[in-house]
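Working notes, structure below.
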Amino acid sequence: MKILFIGGTGVISSACAQLAAARGRELYLLNRGKTSRPVPHGVRVLHGDIRDTQSVKSILKDLAFDVVVNWIAYTPEHIEADIDIFRGRTGQYIFISSASAYQTPPAHLPVTESTPLANPYWEYSRNKIACEQRLLQAYREEQFPITIVRPSHTYDRTRLPLQGGYTMLKRMRQGQPVIVHGDGSSLWVLTHHADFAKGFVGLLGNHQAIGDAFHITSDEVLTWNQIYEILGRTAGVAPHLVHIPSELIAAFDPKWGAGLLGDKTYSMIFDNQWC
């Protein structure tokens, strides 16, 4: 199986590249080569910028793939370019969307793949929804072979699942207060990137997944207070938590607030029965 990852060295994609390579897949990465993460042995790297369509066509030449995965498509314009590049060149195109595209706040829990897509709070999520809609149109009108994957909050050792990352652990160890949105009681799901990879690699080249959408998340559900307390215990301290409403955070830090009001403020539990 010949696979192309566009990106392939990020938090989620690096684990998927590692597992795909370990399972003997013929894997290519198309990226700008500006990462500190190591590329798995045997993986071929094509240096290029996916935003430069004509350059990418020149780099790929007559290469065709069983699977193409774009880890770094965020707007319908990115999707339009991919359809142009990979039309007739791949047996499966996998778009990495986001679980934040689901109805926010959710009307029902657990969230399933049939939960409506609607997020009035976060432009990032609305763009992902628009990307999905364009791909579904391409699938209906020209049989462009799409699969949509929606990760939720995924982390690895380089990116802790807290605003501020390792800086937050430093504050905990220094006895300084750390902010938790709301009252910290909303339910949340975190997924380690290696666990995501186990579900994802099974979709590569899976023709039963064509035209369908899947989320890949953990089944472990924690409150945000528990998440901070677990990380504090790992750092050897009991964290001093300060609770601030998400709306107030958004008033002072719109970027952080968009990610809270458009995602992390509300309880989210996922139905993973397909796994």
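Laboratory data are not the source of any read-out in this text; all were calculated from the coordinates shown. Since this is a predicted model, take the numbers as computed values, not measurements. Here Cβ is always computed from backbone atoms with ideal geometry, including for glycine, and neighbour counts include all displayed protein chains.
Taking the helices alone, the chain has a mean residue ellipticity at 222 nm of -10000 deg cm²/dmol, built from -39,500 (n - 2.57) per DSSP H run of at least 4 residues and averaged over all its residues. The eigenvalues of the Cα gyration tensor, multiplied by 5 and square-rooted, give the stretch 49-89 an equivalent ellipsoid with semi-axes of 16, 12, 9 Å from largest to smallest. If only the Cβ of Lys and Arg carry +1 and only the Cβ of Asp and Glu carry -1, the dipole of the stretch 1-116 around its Cα centre is close to 440 debye. Basic side chains Lys and Arg get +1 at the Cβ, acidic Asp and Glu get -1 at the Cβ, and with that the dipole of the chain about its Cα centre reaches some 960 debye. In plain terms, the chain from residue 112 to residue 2 could stretch by 36.5 nm, reckoned as 0.36 nm per residue minus the Cα-Cα distance. Dipole of the stretch 41-87 computed with +1 at Lys/Arg Cβ and -1 at Asp/Glu Cβ about the Cα centre; of 42, 55, 75, farthest Cα towards the positive end is 42.
Hey, which of these cross-link pairs are over 27 Å Cα-Cα: 34/264; 34/57; 57/128; 61/198? Too far apart for the 27 Å limit: 34/264; 61/198. Placing pseudo-labels 7 Å out from each Cα toward the beta carbon at residue 240 and residue 170 gives an inter-label distance of 1.7 nm. Projecting label points 7 angstrom from Cα along Cα→Cβ for residue 233 and residue 185 puts them 2.1 nm apart.
Sorting the segments 240-248, 34-42 by their mean number of nearby beta carbons within 10 angstrom, highest to lowest, gives 240-248, 34-42. Normalised by the number of residues in the chain, the average gap of Cα pairs under 8 Å and 6 or more apart makes the relative contact order 20 percent. No solvent, one uniform scatterer per C-alpha: report log10 I(q)/I(0) for the chain via the Debye equation at q = 0.08 1/Å, two decimals. Once normalised to I(0) and log-transformed, intensities are -0.35.
The Cα center of the stretch 39-54 and the Cα center of the stretch 174-240 differ in position by 29 Å. In plain terms, the chain from residue 271 to residue 46 could stretch by 77.3 nm, reckoned as 0.36 nm per residue minus the Cα-Cα distance. Taking only the C-alpha atoms of the stretch 92-212, Rg followed by Dmax gives 17.5, 59 Å. Sorting 166, 93 from the fewest to the most surrounding beta carbons within 10 angstrom yields 166, 93. On a per residue basis, the convex hull of the C-alpha atoms belonging to the stretch 137-273 measures out at 132 Å³. Taking one equal scatterer on every alpha-carbon of the stretch 37-154, how large is log10 of I(q)/I(0) by Debye at q = 0.12, 0.13, 0.20, 0.22 1/Å? Once normalised to I(0) and log-transformed, intensities are -0.50, -0.58, -1.15, -1.29. Name the residues of the stretch 88-118 whose amide N is less than 15 Å from a point 7 angstrom out from the Cα of residue 143 along the C-beta direction? In the stretch 88-118, the label zone of residue 143 (backbone N under 15 Å from the point 7 Å along Cα→Cβ) covers 88-93.
Considering only beta bridges that DSSP places wholly inside the chain, some 10 percent are antiparallel.
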